[in-house]
Amino acid sequence: MIIAQKTLISFDIAIDSRENTLNPIFKEALSKQGLRVIVTKLEEGDFYLPSKTTHLVGVVVERKTWDDLASSVIDKRIWSQANRLRELSRESRVKVYIVIEGDPYEIKEKREMPFNALLSVLDSIQNNYGFTVLFIPDKETLIDWLKYMVHKLKENTAKEEAKAPLIVQKPLKKTSIDDKIKAVVQVLAGPTIGERLLRKFGTLKNIVNASVSELMTVEGIGENRAKELFLVFNKKVEE
């Protein structure tokens, strides 16, 4: 499950409630650009973009600053998160993007850890986990990219729907009176005996009014079967 609580509201993008508390600019900016935005609790990731194509349920975006990335590498939280995201992508058919936001040179000055160590982690995440890693300079660029992704997913859905074969349902054949009569007799006497009864008596009324001895003149109807049919045609139903 991607969204912790199911929603019946149609939306273009869902923002995790924790991310929205820290950075309300995303909801404000995306809403102003005409996107349907909801704020909810996401099981994983900071943004979720739904898709209606057959092979993709949606896109999960995990946003990190370089400082966030460094902290998660130091406490090894990055690997447990990556494992959860990989499990989610397999179970729910979602594509995962790891977006690293900000200027990498700032982290070089702020942190003592080797910058190559961070790049090595990102390389492992991309190659071993199958995630797409993007480097984005600021929030404004991320907002533009999210809007682009929403429109791209909608275009892919429209293309798939356009390629889908048009299924034309044949109109139901109108049942004739003769077919209805045959159906009634076949239900009561079976297909073969029903055909013989109609050939012998001609009408449903004549079959119903036939005596036991008259019914026995039809090939395949013995005394017991004739009595059973006669009883079906003449017995009063008790309420």
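The values are calculated or read from the model by the stated rules, or taken from the named source; none is laboratory data. These numbers come from a predicted model, not from an experiment. Because the Cβ atoms are built from the backbone with ideal geometry, glycine has one as well, and the counts that use them run over all protein chains shown.
Of all residues in the stretch 210-237, count the ones that are out of contact with any Leu (no Cβ under 9 Å at 6 or more places or on another chain), modelled with pLDDT under 90 and surrounded by fewer than 14 Cβ atoms within 10 Å (Cβ to Cβ).
10
Give the residues of the stretch 181-194 that are out of contact with any helix residue (DSSP H, G or I) (no Cβ under 8 Å at 6 or more places or on another chain) and more than 18 Å from L231 (Cβ to Cβ), sorted by residue number.
Residues satisfying the conditions are A183, P191, T192.
Considering (1) in contact with a strand residue (DSSP E or B) (Cβ under 7 Å, 6 or more places away or on another chain); (2) surrounded by fewer than 17 Cβ atoms within 10 Å (Cβ to Cβ); (3) aromatic (F, W, Y), say which one W79 fails and leave the rest.
(1)
How do the helices (runs of 4 or more DSSP H) wholly within the stretch 115-226 filter down when requiring 1 or more residues that are under 21 Å from L49 (Cα atoms): which remain?
115-129, 139-163
Say we look at the stretch 83-116 and pick out the residues that are buried (at least 16 other Cβ atoms within 10 Å of the Cβ) and farther than 22 Å from M149 by Cα; which of these is modelled with the lowest pLDDT?
This residue is R111.
For the stretch 153-171, state whether one or more residues are farther than 30 Å from L56 by Cβ and either modelled with pLDDT of 85 or more or of a type outside the set (G, A, S) (or both).
Looking through the stretch 153-171, at least one residue is farther than 30 Å from L56 by Cβ and either modelled with pLDDT of 85 or more or of a type outside the set (G, A, S) (or both).
Regarding L35, is this residue under 21 Å from K159 (Cα atoms) and either among the aromatic types (F, W, Y) or surrounded by fewer than 19 Cβ atoms within 10 Å (Cβ to Cβ) (or both)?
Yes, satisfied.
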